[in-house]
Amino acid sequence: MSLGVRVASFVVVIVPFLGVLAAAVTLWGWGFSWVDFGLLVGMYIATALGIGVGFHRLFTHRSFETNVVVQSVLAILGSMAIEGPLLKWVAVHRRHHQYSDTRQDPHSPHHRGSGILGLLRGAWHSHLGWLFRPDPPDLDHYIKDLKQSRVLRVISALFPVWIACSLLIPAVLGGVLTGTWEGVWSGLAWGGAVRIFMVHHVTWSINSVCHLWGRRPYRSHDQSRDNLVFGVLGLGEGWHHTHHTFPSSARHGLRWWQLDASYCVIRVLALLGLARNVKVPSKQAQAAQRAAAPG
């Protein structure tokens, strides 16, 4: 991509977060407080980890194993991100990996025409537009393993309940912590609506920005990218090219400087005896893929 396109994509990604920051600063003391800040950050981390550790690394790629209690907690937290029921989310993502950046990919930013107009159409489709298109065919084919679990089937079917919890929990906490009705509405706004917007925007940017902008240190047959911004904001999910190179790895940020908060959580679970068979590619496998990458 040209420098202009890179700058434009960076602006489009960062501006919404700057807008939230500006709103918080502007409203500080009368529309935004430490309670609101705690609810926003706490609910963001909890639901983003539900997506990254639960929906993605555990259920989609089976990068580690855990017991049914931890599975249930992660499945519920991921559902509270309001990105769709567990089974459908996993099915679509597995199809994405099967057909990554081909015309059968549910949300590739490519194949939408040439030039700047094609790029814009592709970016819109991969970021948000694909949600308004019909579901890919035969999604049940991708989740036969998960459907064998009654617990996961029930959690997925109760998706409307988790939507309600996603909004009610910060509202109730806001009211309890402040002792006011204003705290209820403020908690609902910041810990609920604003947090959902931020989690959605980050997740969708993994689909769009991380297939357009970033580094490709390994051999890959698609256009996935490692993106520093979303490596941080996505709690490790933004090391997307590395993930596509080693899809079953529980660790996406394989270099020492690549912050991967989701993997840190998995490591803590392992230390507590709550996660086992944690998969990480060997140094030799990483070196082989780097040596095979185009110069």
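We did not get these values from a lab; they are worked out from the coordinates using the rules stated. Being a predicted model, the structure only gives us computed values, none of them experimental. In this analysis, Cβ positions are derived from the backbone assuming ideal geometry, glycine residues included, and neighbour counts consider all displayed protein chains.
For region 156-205 and region 115-148, compute the distance between their C-alpha centroids and round to whole Å. What the calculation gives is 26 Å, centre to centre. Dividing the helix sum by the residues of the chain, where each DSSP H run of 4 or more adds -39500 (n - 2.57), gives a mean residue ellipticity at 222 nm of -17000 deg cm²/dmol. Packing, as the average of other Cβ atoms within 10 Å across residues, places the peptides 237-243, 251-257 in the order 237-243, 251-257, highest first.
What whole-number distance in Å separates the alpha-carbon centres of region 15-84 and region 243-267? Each part's Cα centre sits 18 Å from the other's. Using the Cα gyration tensor of region 156-215, with a ≥ b ≥ c the square roots of its eigenvalues, what is the shape: rounded (a/c below 1.5), prolate (a/b larger than b/c) or oblate (neither)? Oblate, because a/c is 1.5 or more while a/b does not exceed b/c.
Packing order of peptides 106-118, 279-291, highest average first: 106-118, 279-291 (average count of other Cβ atoms within 10 Å over each peptide's residues). Mind telling me which of VAL73, VAL176, VAL35 comes out most flexible in a GNM of the chain, alpha-carbon contacts under 10 Å? Among VAL73, VAL176, VAL35, the largest GNM mean-square fluctuation belongs to VAL176. Suppose R0 equals 51 Å. What FRET efficiency, 1/(1 + (r/R0)^6) with r the Cβ-Cβ distance, do ARG276 and ILE116 give to the nearest 0.05? Here the calculated transfer efficiency is 0.55. For labels at LYS283 and TYR99 in the simple 7 Å Cα→Cβ model, what's the distance in nm? My value for the distance between the label points is 4.1 nm. Label region 227-288 by shape, choosing from rounded, prolate and oblate, from the square roots a ≥ b ≥ c of the eigenvalues of the Cα gyration tensor; if a/c is under 1.5 it is rounded, and otherwise prolate applies when a/b is larger than b/c, oblate when it is not. Note, shape of region 227-288 comes out oblate. At q = 0.11 Å⁻¹, what is the base-10 log of I(q)/I(0) for the chain according to the Debye formula with one equal point scatterer per Cα and no solvent? Please give it to two decimals. Summing over Cα pairs of the chain leads to -0.68. If you sort the three axes of the alpha carbon gyration tensor as a ≥ b ≥ c, you get a/c of 1.5 or more for region 132-280 and a/b above b/c, which makes it prolate.
What does a probe at LEU128 reach in region 198-231, counting residues whose amide N is under 17 Å from the point 7 Å along Cα→Cβ? 198-210, by backbone N distance to the label point.
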